[in-house]
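Every read-out reported here was derived from the displayed coordinates using simple, explicitly stated rules and does not represent laboratory data. What you are looking at is a predicted structure, and each value in this text was computed from that prediction instead of being measured. Here the Cβ positions follow ideal geometry from the backbone for every residue, glycine too, while neighbour counts run over all protein chains shown.
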Amino acid sequence: MPDARVRTRFAPSPTGALHFGSVRTALFAWLTARHAGGAFILRIEDTDQERYIPGTEALILETLSWLGLNWDEGPEVGGPHDPYIQSLRIAVYREHADTLVADGNAYWCTCTPARLAAMREEQRARSEPTRYDRRCLTRQAEVAVERANGIAAVVRLRMPDGVSEWDDLVRGHVSFNNADIDDQVLLKSDGFPTYHLAVVVDDHLMEISHVIRSDEWIPSTPKHLALYAAFGWDPPRFAHVPAVLGPDHQKLSKRRGARNVLEYGELGYLPSAIVNAIALLGWSSGDEQEVFTPQELIERFTLERVNSAAAIFDPKRLDDLNGIHIRRMSTDDLVEALEFPLPGTSKETRRQLIPMLRERMVTLADATRLCAPLLGEIKLDESVEFPPKKVDQATAVKMIDACIEAIVDGGLDNHAALLERLRAVAEAAGVKPRDAFRVLYIAVLGSPTGLPVIEAMMFLGKEKSLQRLSDARARLG
Ligand code: GLU
């Protein structure tokens, strides 16, 4: 039964392109919503003017769209809680900050950065945790006068006493002693909210049921719970997903140059394979299955099966999955998808090439390299030994002559017979067919590996194949 109450969101800050770690958060939120038949909301958290990188909202939207992670409410599509861009909602946060102050759950603070720095310095010298000492909390009348005189002020949360705890859908029970938590700034002196105020106000107003985000936000959650309580709102469920580590076991991050996911598209990775690989970063189906279509993931995904240990991104696994997803594509889809790697080819040509290519591509871009000898001339590479290792000159000549003779006899019409005939020549010469065939690969494709050579000759046709074989024959002397 679809459950419309399940509403998840992805709330990226436009501070850079999306990498595998951030897309993983988006994917888990999207899958949770789609699995339940609920809604997935996209919200742009752009209130931190200093970290803002222009143009990255557009990249984020493009990445999610390319991966098929469609949103029901958010930029471009709108929705009942418009706008979904925080910088357009500043008045909402200010109003909520005023309510908190009026109710005594937050207070104005005019401490200067210099005073705060000195305070922290002293705390450090006394080996105490560095936190705001609540000086302004005890002098609110004076602070009001200072503000009236134009002195810069921020609003701070008055962190309540006691304990903050929640049952995290990934982490299990989490609890913090509130005495260890600072009085967080909620509204900055420029009137902009901090992340903490904006995220709670928006998650509530947008009726988010499950907050799914990176576990680096766990220490912030007690502050958020204090805000929910101060407003008298029920908090959502929380699921803090662990970090994604690169192959070097370091956390993937924009700052460490993690690759923009869109670049994988340019390299010939399929969105479905990327989604499959990202889903397996911390989630498992509970059985042996590892290859999933997005639809299968929607059916199988639950947050309960997300592991709380950090996940490691393995590029080899992505390659394997990409190859598998390519092999599962329909010929019609491949004809379309190969237009970019095989520019200038007709649909018909691509259709002819696909049976040779399908099993041999890790990425779609591999088609460019593999098909180059069939779509253009071969380039003779000095580093390619000819005749190849384990094949003597006489056997190489025999292989080429036999192939030329067979083609002249109409051999390209019968794949199996041609293969048999050439094998027999290799065996009669006492050379392993696999080694002897390399002679033909080099003659026809310019390289000892690549597309299957008999099919390649069939594609090239009699005239071109004979030409390449006789050119190679001439090189053998
Ligand atoms: N804007 C925050 C980020 O980019 C979102 C954190 C959250 O999901 O609450 O990490």
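Here are some notes:
- Sorting Cys136, Cys371, Cys403 from the fewest to the most surrounding beta carbons within 10 angstrom yields Cys136, Cys371, Cys403.
- The chain - mean residue ellipticity at 222 nm from DSSP helices (-39,500 (n - 2.57) per run, n ≥ 4, rounded to 500): -14000 deg cm²/dmol
- Placing a pseudo-label 7 Å from each Cα along the Cα-to-Cβ vector at Ile324 and Asp381 gives an inter-label distance of 3.0 nm.
- Descending principal axes extents, the range 200-349, alpha-carbon based, whole Å: 67, 34, 34
- Built amide H within the under 5 Å cut-off of Asp168, gap 5+: His173, Val174
- Cα-based helix-to-principal-axis angle, 347-357 vs the chain, degrees rounded to 10: 90 degrees
- Relative to the dominant Cα principal axis of the chain, helix 56-67 is inclined by about 50°.
- Whole-angstrom gap from the range 1-54 to the range 324-339, using each part's C-alpha centre: 29 Å
- DSSP-defined antiparallel bridges as percent of all bridges, the range 140-299, nearest 5: 65 percent
- Across the range 169-184, coupling constants 3J(HN,Hα) worked out from phi with the 6.51/-1.76/1.60 Karplus curve, θ = phi - 60°, read 5, 10, 8, x, 6, 10, 9, 10, 7, 4, 4, 8, 10, 5, 7, 5 Hz, and Gly and Pro carry x.
- For Val241, the amide hydrogen comes within under 5 Å of the amide hydrogens of Arg213, Ser214, Asp215, counting only partners 5 or more places away or on other chains and with H modelled in the peptide plane.
- Cys residues of the chain counted as unpaired, since no other Cys beta-carbon is under 4.7 Å: Cys111, Cys371, Cys403
- For the range 378-409, the residues whose amide N sits under 14 Å from a probe point set 7 Å from the Cα of Arg475 along the beta carbon direction are 378-389, 396-397, 400.
- Long-range amide H partners of Ala310 with built H, under 5 Å: none
- Here the range 394-477 is assigned +1 on the Cβ of each Lys and Arg and -1 on the Cβ of each Asp and Glu. Its dipole about the Cα centre then comes out at about 280 debye.
- This ranking places Ile442, Ile218, Ile60 by how few other beta-carbon atoms lie within 10 Å of each, fewest first, which gives Ile218, Ile60, Ile442.
- Order of Thr302, Thr63, Thr345 - criterion: other Cβ atoms within 10 Å of each residue's Cβ, fewest first: Thr302, Thr345, Thr63
- Residues listed by number, the range 389-413, amide nitrogen under 14 Å from Lys462 label point at 7 Å toward C-beta: 404-413
- Cβ crowding within 10 Å averaged over residues, with 66-72, 191-197 ranked highest first: 191-197, 66-72
- Each Cα pair of the chain feeds into the Kirkwood radius, which the Stokes-Einstein equation turns, at 20 °C and 1.002 mPa s, into a diffusion coefficient of 80 µm²/s.
- Alpha carbon convex hull of the range 281-354, projected area averaged over orientations, nm²: 6.4 nm²
- Using the alpha-carbon positions of the range 356-477, Rg (one decimal) and Dmax (whole number) come out as 13.6, 39 Å.
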